[in-house]
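Step one of this worksheet: look at the structure below.
The values are calculated or read from the model by the stated rules, or taken from the named source; none is laboratory data. Keep in mind it's a predicted model, so treat the numbers as computed, not measured. We place every Cβ from the backbone using ideal geometry, glycine too, and count neighbours over all the protein chains shown. Accessible surface is based on the protein model in full, side chains and every heavy atom, while ligands, DNA and RNA are left aside. Shrake-Rupley method; radii C 1.70, N 1.55, O 1.52, S 1.80 Å.
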Amino acid sequence: MPQIPRETIEQVLNATDIVDLIGSYLPVKRAGARFVANCPFHNEKTPSFSINPAWQRFHCFGCGKDGDAIKFVQEYEGLTFVDAVKKLAAKNGIAVIEEAVDPKEERARRTRGRLLDLHREVSRYFHQLLLTSPDADHARSYLKSRGFGSEMAKNWEVGWAPESPKMFLDWAREKGLRGRDLVDSGIALQRDNGRGLYLRFRDRLMFPICNDHGDVIAFAGRQLREDPRSGKYINSPETTLYRKSNVIFGLNKARKGILDAKAVLICEGQIDVIACHEQGITQAIAAGGTAFTPQHAKLLKRYTKQAALCFDADNAGFNAAERAFRECASVGIAVKVVRMPAGEDPDSYMKANGAEAFRELIEGAANFFDFMIERASEDGRLSGPQERAAFSRECAPLLGVIADAVTRDAMISHVATRLRVGAPELRDAVARAARGDRNRRFERRRDDGEEAPPPPEPSQLDPSIGYLCSLALHSLAARETLGEQFETLHEMADHLDGVPLLQTILSGRSDSDSPAAINSFMAELPEPDRLALHADPTFSAAVPEDPSGAASLALSEASALALEREDAAIKAALAQEGVPIEEQVKLLQRAKEIAELLASLDNRIITTDRFSPKSRRLQKDRSWKKDRSGPERNP
């Protein structure tokens, strides 16, 4: 798979201040030499999320999330490592050139690059036609009738797809665009006879659909002349670039607005989103091209814990709102509903009443269950005790999807009070509904053959080796001292976990004075090894004044522990029945050698409880221990 050179990763990390980066996503406060915030990866009221500007790392003492600037962007935005590096590189004006290793991955990367280039060129072409082509007069008139001018079209790069296929295909040939790529992009289809291409979008207003980075990856085409043989909107099909369940229309423009408003406004269509943004309501997005999905909810959870739904006031709109509530509530997003007058959408409402009136509707959005109850009351479905009890049972499955137990219980009490039904009975109904929902999800996963991959476990790392790893990473002098002890380390490998990881660090040659270099080296390690190092209490501890001496003493201590474990294994082997005489002699000889080695080590150290049950204490220079600010480790 493509790899980004370590030098580029270091350059990106050096150019990124982790405090400024995290501060652009969530509020941070200074706490002494560090900064703290409420962790964005789990619910908490007291900040346990710590940012260390010296090490350019973050760590949450609540959920254990830990890493550098690249890791934060990965976790917060749900990106791959490569995409996170690219995002930070683009922010800092750094060019990223990937090194291809796997030929298949290289071909896929090239294909993706071609498709991104194609979408960018096609979007510009459509946009230019809308602005200048005489054939697009009716498209411009349509936008004008909706209250939009050229400024909006430029802000969103809205375009027009020509009615004539020849016009588009002649332009595509002139630009050198391949027919195969036009088909792979979904812009064109291969004719049944295999001869020529058929254009998916003809005489339509074209709205580019972008990914989180702002790259055009698909289109939504709005019908301009009524045609019963075709839908009002046509979206690009799913491609290697475009997965409808993972893409939110307008999110690349709405992120800051969502963070500022501490809430997201979820609309039904692209025009509504654009109308909101043009009126300064910049937290608006839409799940274009598909129903609201679990992936959409998880994506939004990175930016907010509050959502307001703004769908049409009809049965289809209500069903869409219920679907969106299920997905949002299941990941911990609180949901309100904007009550729109019948026949109105955000765009038409603002045209008639102004943006401030629509803002008031958003401010007055009702809790989802209050909205349900009010709607049921208007429909005459709460006229008596039996009707209210029946409606409460309809609410039970929706109450059951609320992720937070405290919020769920409070909402059960609220709904029970409003419907004048017993809270204990409603609570039981919710529990039964939740059990049934879990069983149905399990059956679906089993039928579909799905099996969630288990999260990676940290590799085994003995505390003594963990401290040596920390010294080797953060001190060139310590690394040089330990690098001369190859034979000793090799002998320890059979008795102490983590020696191969230490040897990898010793051969890594990263700049120990640069947090960016250390972090980029860490990024290349296997995930289990990274987790093991992050979990070690000494990983972010201060470097001792004499790192070389500390490394020598710690290595002696680790050697003693390895010898003690080998000695214990020998004694256990000698205690077994039927051991041949020749083998007993070898074992006894080795036990004698171990005793002599331990005696020579004891000239410098006495066993400590840090690495051994015999409780050694350093006899000589203890400065390395005083300088270690990390917590004590247990064996």
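Data for the structure
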quantity	calculated
Residue that is aromatic (F, W, Y), buried (at least 21 other Cβ atoms within 10 Å of the Cβ) and closer than 19 Å to V337 by Cα, where the choices are F249, F219, F292	F292
Meets criteria (open to solvent by 30 Å² or more (accessible area, probe 1.4 Å) and within 22 Å of A321 (Cα to Cα)) for A254	no
Segment 390-413, residues that are farther than 20 Å from A324 by Cβ and hydrophobic (A, V, I, L, M, F, W, C)	A390, F391, A405, V406, A410, I412
Test set (1) touching a Phe, Trp or Tyr at 6+ places or on another chain (Cβ under 9 Å); (2) touching a residue at least 60 places away in the same chain (Cβ under 8 Å); (3) over 30 Å from D135 (Cα atoms); (4) open to solvent by 10 Å² or more (accessible area, probe 1.4 Å) - C267 fails condition number	(4)
Boolean, E157 is under 31 Å from the mean Cα position of the chain (by Cα), within 29 Å of S348 (Cβ to Cβ), of a type in the set (D, E) and open to solvent by 20 Å² or more (accessible area, probe 1.4 Å)	yes
Of all residues making up segment 166-184, the number that are open to solvent by 40 Å² or more (accessible area, probe 1.4 Å) and outside any loop (DSSP other than H, G, I, E, B)	8
Pairs with Cβ under 6 Å, 6+ apart, first in segment 319-342 and surrounded by fewer than 19 Cβ atoms within 10 Å (Cβ to Cβ), second at pLDDT below 90 and aromatic (F, W, Y)	R323/F292
Test: residue in segment 38-46 that is outside any loop (DSSP other than H, G, I, E, B), open to solvent by less than 60 Å² (accessible area, probe 1.4 Å) and touching a Lys or Arg at 6+ places or on another chain (Cβ under 8 Å)	no
Subset of segment 241-259 (residues that are in contact with a strand residue (DSSP E or B) (Cβ under 6 Å, 6 or more places away or on another chain) and farther than 21 Å from D181 by Cα)	I248, F249, G250, L251, N252, A254, I258
Out of Y125, Y142, sole residue that is open to solvent by less than 70 Å² (accessible area, probe 1.4 Å) and under 14 Å from F201 (Cβ atoms)	Y125
Close pairs from segment 496-517: first closer than 16 Å to T8 by Cα, partner surrounded by 16 or more Cβ atoms within 10 Å (Cβ to Cβ) and of a type in the set (V, I, T), Cβ under 7 Å, at least 6 apart	S510/I518
Residue check for S185: in contact (Cβ under 8 Å) with a residue 12 or more places away in the chain and within 31 Å of the chain's Cα centre (by Cα)	yes
Those residues of segment 55-79 which are over 23 Å from T304 (Cβ atoms) and open to solvent by 40 Å² or more (accessible area, probe 1.4 Å), in sequence order	W55, H59, F61, G64
Exclusive hit being of a type in the set (A, V, I, L, M, F, W, C), at negative phi and in a loop (DSSP other than H, G, I, E, B), set L501, L473, L461	L461
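Yes or no, residue by residue, for (1) open to solvent by 60 Å² or more (accessible area, probe 1.4 Å); (2) at pLDDT 90 or above; (3) outside any strand (DSSP E or B):
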residue: E163; (1), (2), (3): yes, yes, yes
residue: G186; (1), (2), (3): no, yes, yes
residue: R195; (1), (2), (3): yes, no, yes
residue: R202; (1), (2), (3): yes, yes, yes
residue: F207; (1), (2), (3): no, yes, no
